[in-house]
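Student: Provided herewith is a single structure, encoded as structure tokens, for subsequent inquiry.
The values are calculated or read from the model by the stated rules, or taken from the named source; none is laboratory data. Just so we're clear, the structure is a prediction, and the values are computed from it rather than from any experiment. For neighbour counting, all protein chains shown are included, and Cβ atoms are generated from backbone atoms with ideal geometry for every residue, glycine included.
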Amino acid sequence: MKKDMQRILDSLPNLETMIREMRDVILTNIVMIGEIPSPTFREDKLREFILNRFNQDNLINCSTDETGNALGILPGSIGDRNILIVSHMDSVFDEEVNNTISVQPEYISGRGLSDNIIGLAAITSLPFILDQLKMRLNSNLIFMGTARSLGQGNLEGIRFFLKNTKINISNGIIVDGIKLGNLSYSSIGMARCEINYWVPEEYDWTRFGAVGSIVTLNELINRIQEIPIPNKPHTSIMFSSISGGRGFSNIPLDATVRFEIRSESGTMVDVLQKQIMDIASEVASNSGSRVETKILAKRKPGGISFSHPFAGAARAIHKTLNIESRITPNIAELSAFIDKDIPSIAIGITNTEKLTKSLEKVQIEPIYKGLAQLVGLVMAIDEGCCNEN
């Protein structure tokens with residue numbers, strides 16, 4: 001192990017202790033971020049808050065772009081390396097939802113904490129943390145709250161930035177709220193699909209076998225489940241949601257299913273996608289329904305290897321901080337970095353516990369360890385410990 005990396009590892013326990021003393025600022029950022037509604041495509045208010053925070057921490061070039069990303073740069077003393085640290089700003093919750101965040105001595109409760117209030121608060125707090133630690137880096141740190149990441153946003157914010165920036169990004173760190181211990185440095189192939197059935201107004205309900213759209217959708221799902229799924233490469237079809245109908249005494253005229261095809265092989269994703277779309281058309285033809293198929297998002301496999309120095313440094317940081325590493329593939333922001341061949345890792349900051357369908361509880365204590373992990377990764381990249389040669 002390089003001497004520089006060992007020095008970084010030796011400093012981590014003390015860093016965790018020092019970060020714990022910054023509790024008030026960290027919790028304030030969590031509460032402020034959490035109580036600003038930020039549904040996908042409507043992140044404006046939260047973007048303004050993030051940019052204000054970046055300005056308060058004296059970052060330069062605090063700005064936004066055509067997709068609504070929030071950007072700030074902490075310049076390094078040399079500036080020969082650019083590290084991009086991102087966390088998505090958008091949420092699955094609408095403005096009307098109660099966004100109140102409650103802070104107790106040992107935990108925080110509220111909606112959206114894991115996805116992605118904690119992650120966004122981590123990168124928003126990091127400039128302050130580095131300043132308090134009196135840490136002066138050689139590399140430039142680029143902090144970004146990304147817009148339009150979830151659902152039909154389809155990572156538009158981060159993809160736009162990486163496609164159009166003239167900055168040479170050496171490494172990327174993606175910060176998620178959960179789970180502490182997750183390490184993602186590779187992406188699997190994925191297709192996120194939606195199939196809609198509906199019955200035309202002129203439909204002849206006297207025809208033999210005439211059924212509503214829910215039964216038609218059920219036929220499709222049964223047919224999909226009959227598709228042979230290979231063990232190698234590892235492949236799965238995951239149903240995400242099913243909806244349809246208007247209640248009793250009404251024939252269901254429309255129904256929708258959403259699902260994801262995931263595989264270690266991009267080719268296998270394409271094969272299954274075509275097979276399912278063909279089945280959807282066949283089922284529609286047999287039932288007299290109309291069908292609409294959509295591909296909402298796609299990802300291709302890739303990433304750095306287990307033996308890459310960046311991945312090795314992340315595991316060493318976990319071991320030093322007594323964090324149990326869980327190597328998991330990622331199909332979110334990491335895949336955008338992979339498309340541009342930028343060595344990157346996605347990490348989690350803490351763990352959550354479900355209280356209700358949408359309400360979560362987060363223990364405060366693990367957050368400090370999660371932030372020490374983040375600082376350690378930044379230091380490792382800055383010291384050149386994550387270079388392949």
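Here is a yes/no grid of residues against (1) of a type outside the set (Lys, Arg); (2) more than 18 Å from TYR185 (Cβ to Cβ); (3) touching a Leu at 6+ places or on another chain (Cβ under 8 Å):
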residue	(1), (2), (3)
ASN351	yes, yes, yes
LYS354	no, yes, no
LYS357	no, yes, no
LYS361	no, yes, yes
ILE367	yes, yes, no
LEU371	yes, yes, yes
LEU374	yes, no, yes
ALA380	yes, no, no
GLU388	yes, no, no
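Student: Same structure, new question: Of all residues in the stretch 112-124, which are touching a strand residue (DSSP E or B) at 6+ places or on another chain (Cβ under 6 Å) and modelled with pLDDT of 90 or more?
Tutor: Scanning the stretch 112-124 gives LEU113, ILE118, GLY119, LEU120, ALA122, ILE123.
Student: Moving on. Assess whether ALA280 counts as being closer than 25 Å to ASP4 by Cβ and touching a strand residue (DSSP E or B) at 6+ places or on another chain (Cβ under 9 Å). Before you say what the answer is, go through the steps one by one.
Tutor: Working: closer than 25 Å to ASP4 by Cβ: no; touching a strand residue (DSSP E or B) at 6+ places or on another chain (Cβ under 9 Å): yes.
Spelling it out, it is not the case that ALA280 is closer than 25 Å to ASP4 by Cβ and touching a strand residue (DSSP E or B) at 6+ places or on another chain (Cβ under 9 Å).
Student: Still on this structure, please answer the following. Considering only the stretch 105-137, how many residues are of a type in the set (A, V, I, L, M, F, W, C), out of contact with any His (no Cβ under 9 Å at 6 or more places or on another chain) and closer than 25 Å to VAL92 by Cβ?
Tutor: In the first step, residues of the stretch 105-137 are kept if they are of a type in the set (A, V, I, L, M, F, W, C); the result is 108, 113, 117-118, 120-123, 126, 128-130, 133, 135, 137.
Imposing the further condition that a residue be out of contact with any His (no Cβ under 9 Å at 6 or more places or on another chain) reduces the set to 108, 113, 117-118, 121-123, 126, 128-130, 133, 135, 137.
Then drop every residue that is not closer than 25 Å to VAL92 by Cβ, which leaves 108, 113, 117-118, 121-123, 126.
Summing the residues that are of a type in the set (A, V, I, L, M, F, W, C), out of contact with any His (no Cβ under 9 Å at 6 or more places or on another chain) and closer than 25 Å to VAL92 by Cβ in the stretch 105-137 gives 8.
Student: Please work out which one of (1) farther than 24 Å from ILE342 by Cβ; (2) outside any loop (DSSP other than H, G, I, E, B) is the condition SER87 fails and give its number.
Tutor: (1)
Student: Against the definition (among the hydrophobic types (A, V, I, L, M, F, W, C), surrounded by 14 or more Cβ atoms within 10 Å (Cβ to Cβ), at pLDDT below 95 and in contact with a helix residue (DSSP H, G or I) (Cβ under 8 Å, 6 or more places away or on another chain)), how does ILE36 come out, yes or no?
Tutor: yes
Student: Quick test for you: out of SER91, SER87, SER77, pick the one residue that is under 25 Å from ILE345 (Cα atoms), in contact with a helix residue (DSSP H, G or I) (Cβ under 7 Å, 6 or more places away or on another chain), in the same structural domain as ASP176 (by TED's automatic domain parsing) and touching a residue at least 24 places away in the same chain (Cβ under 8 Å).
Tutor: Matching residue, one of SER91, SER87, SER77: SER87.
Student: Can you confirm whether the stretch 341-348 contains a residue that is more than 19 Å from GLY177 (Cα to Cα), in contact (Cβ under 8 Å) with a residue 40 or more places away in the chain and either crowded, with 18+ Cβ neighbours inside 10 Å or in contact with a helix residue (DSSP H, G or I) (Cβ under 8 Å, 6 or more places away or on another chain) (or both)?
Tutor: Yes, the conditions are met somewhere in the stretch 341-348.
Student: Separate question: Could you list all residues from the stretch 1-58 that are basic (Lys, Arg) and either free of Cβ contacts under 8 Å to residues at least 24 places away in the same chain or assigned to a helix (DSSP H, G or I) (or both)?
Tutor: Within the stretch 1-58, LYS3, ARG7, ARG20, ARG23, LYS45, ARG47, ARG53 meet the criteria.
Student: Continuing with the same structure: Does ILE118 fit the bill of being within 15 Å of the chain's Cα centre (by Cα), surrounded by fewer than 24 Cβ atoms within 10 Å (Cβ to Cβ) and either aliphatic (A, V, I, L, M) or outside any helix (DSSP H, G or I) (or both)?
Tutor: No: the conditions fail for ILE118.
Student: Would you check if ALA284 is in contact with a Phe, Trp or Tyr (Cβ under 7 Å, 6 or more places away or on another chain), of a type in the set (Gly, Ala, Ser) and surrounded by 16 or more Cβ atoms within 10 Å (Cβ to Cβ)?
Tutor: Yes; evaluated as a whole, the condition is true for this residue.
Student: While we're here: Among the listed residues PRO329, PRO309, identify the single one that is surrounded by fewer than 22 Cβ atoms within 10 Å (Cβ to Cβ), in the same structural domain as ILE83 (by TED's automatic domain parsing) and touching a Cys at 6+ places or on another chain (Cβ under 8 Å).
Tutor: Within the list PRO329, PRO309, the selection yields PRO309.
Student: Something else now. Would you point out the residue of the stretch 171-217, among those that are part of a loop (DSSP other than H, G, I, E, B) and closer than 25 Å to PHE259 by Cβ, that is modelled with the lowest pLDDT?
Tutor: My answer is VAL211.
Student: Another one. Taking the stretch 74-111 only, how many residues are at pLDDT below 95, among the hydroxyl-bearing types (Ser, Thr, Tyr) and within 15 Å of the chain's Cα centre (by Cα)?
Tutor: The qualifying residues number 1.
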